[in-house]
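Trainee: Mind having a look at this structure? Questions to follow.
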Amino acid sequence: AHIFPSAWTGINERTFLAIKPDGHQRRLVGEIIRRFERKGYHLVAMKMIQASEELLKKHYIELRDRPFYERLVKYMGSGPVVAMVWQGLDVVKTARMMLGETNPADSLPGTIRGDFGVDISRNIIHGSDSRESAQREITLWFQPHEIVCWQDNAEKWINE
Ligand code: IDP
């Protein structure tokens, strides 16, 4: 059954992740998905898209006054993006930990940006920074029917 955004809490918490064009070009799609699978999170939506300028401007609306905004939108539209929704306990916060800091230079080894990136403007992956942003971003990138609710048979081995 469809789970409404207001119920995206506890083990049903959801976050929006997007492998940016550089992550895709560098063949990191499988590596990144593997990390979230092994962690124990539950993939409920995924698609590869060439994002429109309109979508990207909406996605990064909060950064519209920053000097790098136009370049950021251009970079995000420079190739395919792999957009995903992952579900699980504390997934918003934990995914941000797994991504590392915005600047790869501040990101610890073991994080995605720490292991694979160098430059702040080529930082491989996006992840929602709060539950509110996750709701907004999932709704922006996905139609409700694109989110698939499936029985996770490992769930009882991952959550008490
Ligand atoms: P986040 O992606 O870690 O949440 P935000 O501050 O929301 O970081 O910035 C969004 C994206 O904008 C970053 O992931 C990065 O690609 C780009 N960005 C952020 N700060 C800079 C900067 O100072 N120069 C160039 N690009 C930046």
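The values are calculated or read from the model by the stated rules, or taken from the named source; none is laboratory data. The structure displayed is predicted, hence computed values, not measured ones. Note that each Cβ is placed from the backbone with ideal geometry, even for glycine, and that neighbours are counted across all protein chains shown. SASA here: full protein model, heavy atoms, side chains in, ligands and nucleic acids out. Shrake-Rupley method; radii C 1.70, N 1.55, O 1.52, S 1.80 Å.
Trainee: Among residues belonging to region 105-160 that are buried (at least 18 other Cβ atoms within 10 Å of the Cβ) and hydrophobic (A, V, I, L, M, F, W, C), point out the one that is nearest to Ala18 (Cα to Cα).
Mentor: Ile125
Trainee: Mind counting the residues in region 115-145 that are within 14 Å of the ligand (Cβ to nearest atom) and not in a helix (DSSP H, G or I)?
Mentor: Total meeting the criteria: 14.
Trainee: Still on this structure, I have one more. Looking only at region 18-76, filter to residues that are among the polar types (S, T, N, Q) and more than 16 Å from the ligand (Cβ to nearest atom); which one of those is farthest from Val148 (Cα to Cα)?
Mentor: Narrowing region 18-76 to residues among the polar types (S, T, N, Q): 25, 50, 52.
Subsequent filtering for residues that are more than 16 Å from the ligand (Cβ to nearest atom) retains 50, 52.
Values: Gln50: 21, Ser52: 24 Å.
Taking the candidates together, the pick is Ser52.
Trainee: Right, here's the next one. For region 13-48, name all the residues that are without any contact (Cβ under 8 Å) to a residue 60 or more places away in the chain and either part of a strand (DSSP E or B) or among the hydrophobic types (A, V, I, L, M, F, W, C) (or both).
Mentor: Val29, Ile33, Leu43, Met46, Met48
Trainee: Suppose the filter is open to solvent by 60 Å² or more (accessible area, probe 1.4 Å) and in a loop (DSSP other than H, G, I, E, B); does Arg96 pass it?
Mentor: no
Trainee: Answer yes if at least one residue in region 79-88 is out of contact with any Asp or Glu (no Cβ under 7 Å at 6 or more places or on another chain) and in a helix (DSSP H, G or I), and no otherwise.
Mentor: no
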